[in-house]
2 protein chains.
Amino acid sequence: MAAAAVTSNGGAVAANGGPTPGRLASVYSEVQTNRLLHALPLPSVLRSNFSVVDGPASSAAGNPDEIAKLFPNLFGQPSVSLVPAAEPAATRPLKVGVVLSGGQAPGGHNVICGIFDYLQERAKGSTLYGFKGGPAGIMKFKYVELTSDFVYPYRNQGGFDMICSGRDKIETPEQFKQTEDTANKLDLDGLVVIGGDDSNTNACLLGEYFRSRNMKTRVIGCPKTIDGDLKCKEVPTSFGFDTACKIYSEMIGNVMTDARSTGKYYHFVRLMGRAASHITLECALQTHPNAALIGEEVAAKKQTLKNVTNYITDIICKRADLGYNYGVILIPEGLIDFIPEVQKLIAELNEILAHDVVDEAGTWKSKLQPESNELFEFLPKTIQEQLMLERDPHGNVQVAKIETEKMLISMVETELEKRKAEGRYSAHFRGQAHFFGYEGRCGLPTNFDSNYCYALGYGAGALLQTGKTGLISSVGNLAAPVEEWTVGGTPLTSLMDVERRHGKFKPVIKKAMVELDAAPFKKYASMRDEWAIKNRYISPGPIQFSGPGSDDSNHTLMLELGAVL
Amino acid sequence: MAAAAVTSNGGAVAANGGPTPGRLASVYSEVQTNRLLHALPLPSVLRSNFSVVDGPASSAAGNPDEIAKLFPNLFGQPSVSLVPAAEPAATRPLKVGVVLSGGQAPGGHNVICGIFDYLQERAKGSTLYGFKGGPAGIMKFKYVELTSDFVYPYRNQGGFDMICSGRDKIETPEQFKQTEDTANKLDLDGLVVIGGDDSNTNACLLGEYFRSRNMKTRVIGCPKTIDGDLKCKEVPTSFGFDTACKIYSEMIGNVMTDARSTGKYYHFVRLMGRAASHITLECALQTHPNAALIGEEVAAKKQTLKNVTNYITDIICKRADLGYNYGVILIPEGLIDFIPEVQKLIAELNEILAHDVVDEAGTWKSKLQPESNELFEFLPKTIQEQLMLERDPHGNVQVAKIETEKMLISMVETELEKRKAEGRYSAHFRGQAHFFGYEGRCGLPTNFDSNYCYALGYGAGALLQTGKTGLISSVGNLAAPVEEWTVGGTPLTSLMDVERRHGKFKPVIKKAMVELDAAPFKKYASMRDEWAIKNRYISPGPIQFSGPGSDDSNHTLMLELGAVL
């Protein structure tokens, strides 16, 4: 019951002036304190002497010639692996900077703890700087020296508040120059960029730039995003996905039990994941809902909003015939971005709204293409109004503001009323809307995310020590116990393709979408008809930090690694 | 990772025909399975021989003369306690019915398990019937015989789905007669009613009725509600409150960490609790938000909506001066029910909407009293529209549908814009709305709720064995370890007062409101100024079933029992 005060950091002061109290004044819950005291295991290769060995030369995910032109110094680098060695590697003290980039994901603090511990244990005399507020901190020379006392209270804790994050990008020549100046002023041997696809692309551009300027500063990336859409063969998952999905699944499981007990509500649950539907798929595998919409499938089948509405309504009608007038439906927040006709409508609306007067009588609608007009009329009134009224500073329709779960409830209601009039449905439908979002981004990281992040950070330190740059820290063999995990680095250029923007090729790490022929989706697809009709709900319960199941990782990862669940 | 299938119940069939599969087909998560296998401790008095001793005669919470008239057979009964005995008490097989009444609360299944185990262990040859779908199941003779196989899969599990619940009341003479018929047909020695204040009042009326009919059926109540508003000296808490508050607090803690990490959002979190604000107060004690509105205080101070808006806005401005443009505000869902001027406006609106045409020009508003008109104009446009458009079948304004958190965000925005124009505020405010509700009603019960419910049920069985009726199962000394908990029964009439309805006295168990001079509120009040300005956020983390903190109960209960936290 008594909350334990965290050890004071004894007055840590930022090198750039002013006190940075961090969590100095924080009071911790018992669970937080317990996590703080929890010792982190390391893969066995990191616990003893190791050396770094190169693999074969690498290429790119697409358009290798263009990637080679964009990254003349880095293209083609081999992947590297850490292997046990008889003798300790030669090491020297390093000056390293670390930055958190983009949205929060549980485990970010442990990446920093991993780097910190590597430097403390393997490169004595090193210094670690944390850039504050994301990449802007690098450009504006805002940082804090990360001491043992400063770092300690963040071990195994959620959030990014140790140094905070930001969404700025380092893009212009001036910004690259600012970054160069910072690296030189701090005499940085290395910079670790913890971020998603964009941030890791940026990390690679920085690594290339530093090389081209003959600077000593190396750059290593780390894969972060709860969305789970930054991954490849050598980087099996991004951190934070495991914790976020387990938090959402806990809530979904509770709502399922509620639905089954009450017997009278359909819960429409919108989940994070704008670009890819991994979160929705994973939560479906954990909880067995009556339906889960996967954006990538909707897009592949070129489904319309009406198709989606009918799919849900059909399930509701079938369940009504069986006497079940309740259920749970999962929806990725990016759903309507996957529906081609909606994209078309939005584009037309933006054009019309920019140039024409929207008259009350609605004559402006005649400017819409017939099929867009039809779709617009199909939308619930509240959504129509939202589209017309809430526009961004550029006057554009804000798709992100649409509460998809409420829209679907409304459309399903309308369809059910139609069927009722036709004598095809006679039950009573009551929808309940939920959005599970912020709750999942900052939870206490699971054992998996805690361990994975610590290994990612510790490995990043080792890669910097050997002078590697332009790699993303890679921890593999994740189906095995932690001690058997592999550690290494993958060339960021090997993850890249190009996109044509404003007449120029831009390097991008393509987001990893839900693959319709991969094991996680196939598992879901093979079960969904049964889950739709029968009540196979699972309640995963709250994340446990000890006891049965506490060390399990998520279904998506296990299925991708070949496990049979 | 592998989910364990629950033992089949070997074909349990309801005595009234038809299979009742229950959770037969369910697949459980590892945490669920682990909970299923978790053995429940009992207070030591229940583990050995005990006898039941009477205390002094009781009275009523108010108007004892009227209560005595309404309950001639039951009024004045003593409270009873179980005490250790040298010899086992004489027992005989019992036929007992159990019913779940009203909204779900974590732990309901364990009350039933407690009754079941009492009958199995202490009154061999007994039969337990579960009435299906709440009190309607009693009236309509819908029940299932609860066998060991049937009950087993629900141990320590959330929800009410073993026999489901309902909100019907047994009120008319016909309904009392139906209940009498059911009790006679099943030859019931006892009936256990698991419910809130209304259901326990109903239980007492049933007990009185059965006595007046010289029936052998005894009635025992059990205190259930996540809202925490059914409690008295001898019934220190209602079950479900502990689990629900911990689930909400986990989410609030996560949102706090998010707020601190991002530094740019004010999260307005609406929490369940329409009649009383215990949940909001408990979550505040667990998490230390920047503000928590307590309805009872708002009412006591006769605050207006403008007062409430200004209170929040002042905190936001003070925080902005300190450089904090983020925060977390907790709001009970019943907030506006506590604001007298809002009640007045609603009453006037209902009157006008029932008789007058609402014209677009708004001339109808002249029918409002000036202060109500002013308040109406003060409300955000969306709330005005909601009040006018979404009315219940009787044409009344639906206060329950108002999303208070969005209303407050909108009003705070307006006030901040005003202050900005006056040069008193210069930061940027961004509000995020949350409602945590259904997620908390059906979670896996905490160790506290699991143990408390099991003792409540086991004790209810013991009370029935001794022929007691009209008592509410009472488990006390809850600050001590389970083995030291006290077990007994409190006369339901002693919890009662009367209300005058339609010219008649009706017995009611008064809801226990947040007491402004009791320890939990005083603790909050003594800390809130510090929490408002400084960031003292605590993240309780997910409920743990083992390890440090897993056996703690909630702050409200501990403070009420005199603990210093």
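The values are calculated or read from the model by the stated rules, or taken from the named source; none is laboratory data. These numbers were taken from a predicted model, which means no experiment stands behind them. No Cβ is skipped: glycine too gets one built from the backbone with ideal geometry, and neighbour counts run over all protein chains shown. Areas reflect the complete protein model, heavy atoms only, side chains present, ligands, DNA and RNA absent. Shrake-Rupley method; radii C 1.70, N 1.55, O 1.52, S 1.80 Å.
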Pairing a residue in the stretch A:116-141 that is farther than 23 Å from A:Ala105 by Cβ with any residue that is of a type in the set (Ser, Thr, Tyr), where Cβ atoms lie under 7 Å and the two sit 6 or more apart in sequence or on different chains, gives A:Arg122/A:Thr91; A:Ala123/A:Thr91; A:Phe141/A:Thr182
Counting just the residues of the stretch A:257-277 that are under 25 Å from the mean Cα position of the chain (by Cα) and open to solvent by less than 10 Å² (accessible area, probe 1.4 Å), which one comes out modelled with the lowest pLDDT? A:Gly273
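Taking the residues in the stretch B:527-548 that are in a loop (DSSP other than H, G, I, E, B) and out of contact with any Gly (no Cβ under 9 Å at 6 or more places or on another chain) as candidates, determine which candidate is least open to solvent (accessible area, probe 1.4 Å). Even if it seems obvious, please write down each step before you answer.
Here is the first cut: in the stretch B:527-548, the ones in a loop (DSSP other than H, G, I, E, B) are B:534-548.
Then keep just the ones that are out of contact with any Gly (no Cβ under 9 Å at 6 or more places or on another chain); that gives B:534, B:536, B:548.
Values: B:Lys534: 103, B:Arg536: 47, B:Pro548: 62 Å².
Ranking the qualifying residues of the stretch B:527-548, first place goes to B:Arg536.
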It is to be established whether one or more residues within the stretch A:287-303 are of a type outside the set (Val, Ile, Thr), in contact with a Ser or Thr (Cβ under 7 Å, 6 or more places away or on another chain) and at pLDDT below 95. no
Give the stretch A:164-174 a look and list any residue that's surrounded by 18 or more Cβ atoms within 10 Å (Cβ to Cβ) and either within 10 Å of chain B (Cβ to nearest Cβ) or polar (S, T, N, Q) (or both), or say none. A:Cys164, A:Ser165, A:Gly166
Looking at the stretch B:258-307, which of the residues that are within 14 Å of chain A (Cβ to nearest Cβ) and basic (Lys, Arg) is nearest to B:Ile402 (Cα to Cα)? B:Arg270
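Matching residues to (1) under 27 Å from B:Ile279 (Cα atoms); (2) without any contact (Cβ under 8 Å) to a residue 40 or more places away in the chain; (3) not acidic (Asp, Glu); (4) not in a helix (DSSP H, G or I):
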residue	(1), (2), (3), (4)
B:Asp161	yes, no, no, yes
B:Asp168	yes, yes, no, yes
B:Val192	yes, no, yes, yes
B:Thr201	yes, no, yes, no
B:Met215	no, yes, yes, yes
B:Gly221	yes, no, yes, yes
B:Asp227	yes, no, no, yes
Wholly inside the stretch B:339-419, helices (runs of 4 or more DSSP H) that include 3 or more residues that are open to solvent by less than 80 Å² (accessible area, probe 1.4 Å) and touching a residue at least 40 places away in the same chain (Cβ under 8 Å) are B:340-355
Any hit, the stretch A:471-491, residues being in contact with a Ser or Thr (Cβ under 6 Å, 6 or more places away or on another chain), open to solvent by 30 Å² or more (accessible area, probe 1.4 Å) and outside any loop (DSSP other than H, G, I, E, B): yes
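Would you tally the residues in the stretch B:203-226 being under 19 Å from B:Val508 (Cβ atoms) and surrounded by fewer than 24 Cβ atoms within 10 Å (Cβ to Cβ)?
Filtering the stretch B:203-226 for residues under 19 Å from B:Val508 (Cβ atoms) gives B:203-209, B:219, B:221-225.
Narrowing further to those that are surrounded by fewer than 24 Cβ atoms within 10 Å (Cβ to Cβ): B:205, B:208-209.
Result for the stretch B:203-226: 3.
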Within the stretch B:286-307, can you find the residues that are crowded, with 22+ Cβ neighbours inside 10 Å and either in contact (Cβ under 8 Å) with a residue 60 or more places away in the chain or among the small types (Gly, Ala, Ser) (or both)? B:Gln286, B:Thr287, B:His288, B:Pro289, B:Asn290, B:Ala292, B:Ile294, B:Gly295
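Is it the case that A:Glu390 is within 13 Å of another protein chain (Cβ to nearest Cβ) and at negative phi? Steps first, please.
Details: within 13 Å of another protein chain (Cβ to nearest Cβ): yes; at negative phi: yes.
The answer is yes for A:Glu390.
For B:Pro88, are the conditions met, namely being in contact with a Ser or Thr (Cβ under 6 Å, 6 or more places away or on another chain) and part of a loop (DSSP other than H, G, I, E, B)? Can you show your working first?
On the way: in contact with a Ser or Thr (Cβ under 6 Å, 6 or more places away or on another chain): no; part of a loop (DSSP other than H, G, I, E, B): yes.
For B:Pro88, the condition - in contact with a Ser or Thr (Cβ under 6 Å, 6 or more places away or on another chain) and part of a loop (DSSP other than H, G, I, E, B) - is not met.
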Exactly one condition in (1) buried (at least 16 other Cβ atoms within 10 Å of the Cβ); (2) not assigned by the TED database to the domain that holds B:Asp258 is not met by B:Tyr524; state its number. (2)
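May I ask you to say which residue of B:Glu121, B:Glu174 is over 20 Å from B:Ala203 (Cα atoms) and in the same structural domain as B:Asn49 (by the TED database)?
On the way: B:Glu174 fails: over 20 Å from B:Ala203 (Cα atoms).
Criteria check complete, one pass: B:Glu121.
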Identify the single condition in (1) open to solvent by less than 70 Å² (accessible area, probe 1.4 Å); (2) over 16 Å from B:Val99 (Cα atoms); (3) of a type in the set (D, E, K, R); (4) free of Cβ contacts under 8 Å to residues at least 40 places away in the same chain that B:Arg155 does not satisfy, given that it satisfies every other one. (4)
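Name every residue in the stretch A:492-511 that is among the small types (Gly, Ala, Ser) and crowded, with 21+ Cβ neighbours inside 10 Å, in order of residue number.
Initially, the stretch A:492-511 is screened for residues among the small types (Gly, Ala, Ser), giving A:494, A:503.
Answer for the stretch A:492-511, where residues must be among the small types (Gly, Ala, Ser) and crowded, with 21+ Cβ neighbours inside 10 Å: just A:Ser494.
Residues that are among the small types (Gly, Ala, Ser) and out of contact with any strand residue (DSSP E or B) (no Cβ under 6 Å at 6 or more places or on another chain): list the helices (runs of 4 or more DSSP H) wholly contained in the stretch B:235-301 that include at least 3 such residues.
On the way: elements: B:241-262, B:278-287, B:295-300.
Answer list for the stretch B:235-301: B:241-262.
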Kindly list, by first and then second residue, each pair from a residue in the stretch B:91-107 that is at positive phi and assigned by the TED database to the domain that holds B:Ser126 to a residue that is open to solvent by less than 20 Å² (accessible area, probe 1.4 Å) and of a type in the set (A, V, I, L, M, F, W, C), limited to pairs with Cβ atoms under 7 Å and residues at least 6 apart or on different chains. B:Gly107/B:Phe239; B:Gly107/B:Cys453
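Checking the condition open to solvent by 20 Å² or more (accessible area, probe 1.4 Å), closer than 30 Å to A:Val27 by Cβ and either in a helix (DSSP H, G or I) or away from every other protein chain (no Cβ under 14 Å) (or both), which residue from B:Leu565, B:Leu516 passes?
On the way: B:Leu565 fails: either in a helix (DSSP H, G or I) or away from every other protein chain (no Cβ under 14 Å) (or both).
Result: B:Leu516 is the single residue among B:Leu565, B:Leu516 that is open to solvent by 20 Å² or more (accessible area, probe 1.4 Å), closer than 30 Å to A:Val27 by Cβ and either in a helix (DSSP H, G or I) or away from every other protein chain (no Cβ under 14 Å) (or both).
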Can you tell me which residue within the stretch A:420-439, out of those that are assigned to a helix (DSSP H, G or I) and modelled with pLDDT of 95 or more, is surrounded by the fewest Cβ atoms within 10 Å (Cβ to Cβ)? A:Ala421
Residue pairs qualifying under the 9 Å Cβ cut-off, at least six apart or on distinct chains, with the first in the stretch A:540-558 being at the interface with chain B (Cβ under 7 Å from one of its Cβ atoms) and the second being among the basic types (Lys, Arg), are A:Pro540/A:Lys246; A:Gly541/B:Arg35; A:Pro542/A:Lys246; A:Pro542/B:Lys246; A:Ile543/A:Lys246; A:Phe545/A:Arg35
Can you go through B:Asp197, B:Asp181 and tell me which one is more than 14 Å from every other protein chain (Cβ to nearest Cβ), touching a residue at least 24 places away in the same chain (Cβ under 8 Å) and open to solvent by less than 40 Å² (accessible area, probe 1.4 Å)? B:Asp197
